[in-house]
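Structure first, commentary second.
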Amino acid sequence: GGLTDPTALAAQVDRLLDDPKGPRFVQTFFNQWLHITNLSAHQVDDKLYPAWNEGLRAAMFADAKAFFSSFVYGSRPWSEFLTAPLTPGAGIEGIFSTDPQGARRGFLTLPAFLTAESVPTRTAPTFRGKVVLESVMCTTITVPPNLVIPDLDEGAAGMPDSPNIRQKLQKHRASPDCAACHNILDPIGFGLESFDAIGKY
C-alpha cells in the first residue's frame, strides 16, 4: 500500500523515469497513445509535397519527442498539452516558416501528428478526428457491421484532389450508414484543416 502515499508515489515515478530505460518508455508510450508510430511507414506523394523526404520524417519524430519530453522531464505543466506554443526543431523549420503568429499550439498541431494522420495526397480529417476522439477524449466509435463505405473518387498520384475534402466527406455524412460516425469525427478534423498533409500551415 505504499504507493497510496503521494510522496512515495512521486519518488517511485521519478526513480523509474531516471532509469536508462525511462526515455525510451516515455517515447514509446506517447508514440503509441497518440498514433505517432504511424509516421514510420507513412507514405507522402512527393510530387504534391516536394518538401517531403526521409530527413523531414526523422526531424518530425525528433520534434515530437522534444515536445513530449518537455512535459515529462521539463517544467511545462500538463494543462498546456493542447495549448503550448510550438517552436520548430532542427530540420523542421520549413514546415513552420509561413505560420501566422500563434497559429501552432499544442499536440494537435505537431507536424508528426498531422502528417501521420493524413493520406499520401491530402489531409484526412476523419483520421485526425478519430485520434482526438479515442486517444484524447477516451470515446470509442463502433463501426457498423458489413459497412459499405462510399468511394471518395480520389485523384491520381501526383494530382491534387478536387473538390476539396470538406465537399468529398459530405458524401459520407449523407450516407445513413456512415453519418453517425462522420458527424462526430469530421468536425474535429476540420478544425485542423489549416494544416496540410505534411503539417504545413
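The values are calculated or read from the model by the stated rules, or taken from the named source; none is laboratory data. Only a predicted model underlies this, so the values are computations on that prediction, with no experimental measurement involved. Neighbour counts are summed over all protein chains in view; Cβ atoms, including those assigned to glycine, are modelled from backbone coordinates with ideal geometry. Side chains are part of the model used for accessible areas, which takes the heavy atoms of the whole protein and leaves out ligands, DNA and RNA. Shrake-Rupley method; radii C 1.70, N 1.55, O 1.52, S 1.80 Å.
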_Quick check: the angle from helix 6-18's long axis to the longest principal axis of the chain, C-alpha only, nearest 10 degrees?_
70 degrees
*asked:* Within the stretch 1-93, what whole-number % of the accessible surface is contributed by carbon and sulfur, with the 1.4 Å probe and all protein chains included in the calculation?
replied: 60 percent
_Exceeding 25 Å between C-alpha atoms, which entries from my cross-link table qualify? They are LYS65/LYS130; LYS47/LYS200; LYS65/LYS200._
none
*Would you work out the charge dipole size for the chain about its Cα centre, treating the Cβ of every Lys and Arg as +1 and the Cβ of every Asp and Glu as -1, and quote it to the nearest 20 debye?*
120 debye
_Coil-residue trypsin sites (Lys or Arg not before Pro) of the stretch 1-71, DSSP, other Cβ within 10 Å capped at 13_ = LYS21, LYS47
*Identify, among THR142, SER97, ALA10, the residue whose Cα sits farthest towards the positive end of the charge dipole of the stretch 1-158, taking +1 on the Cβ of Lys and Arg and -1 on the Cβ of Asp and Glu, with the dipole about the Cα centre.*
ALA10
_Rg(Cα) / (2.2 N^0.38 Å) computed for the stretch 29-152, rounded to two decimals_ = 1.13
*Can you give the helix-only mean residue ellipticity at 222 nm for the chain, where every DSSP H stretch with n ≥ 4 adds -39500 (n - 2.57) and the sum goes over all residues, rounded to the nearest 500 deg cm²/dmol?*
-12500 deg cm²/dmol
*Approximate spin-label separation PHE127-GLN43, in nm, with each point projected 7 Å along Cα-to-Cβ*: 1.2 nm
*Accessible area of the chain divided out per residue, in Å², using a probe of 1.4 angstrom*: 55 Å²
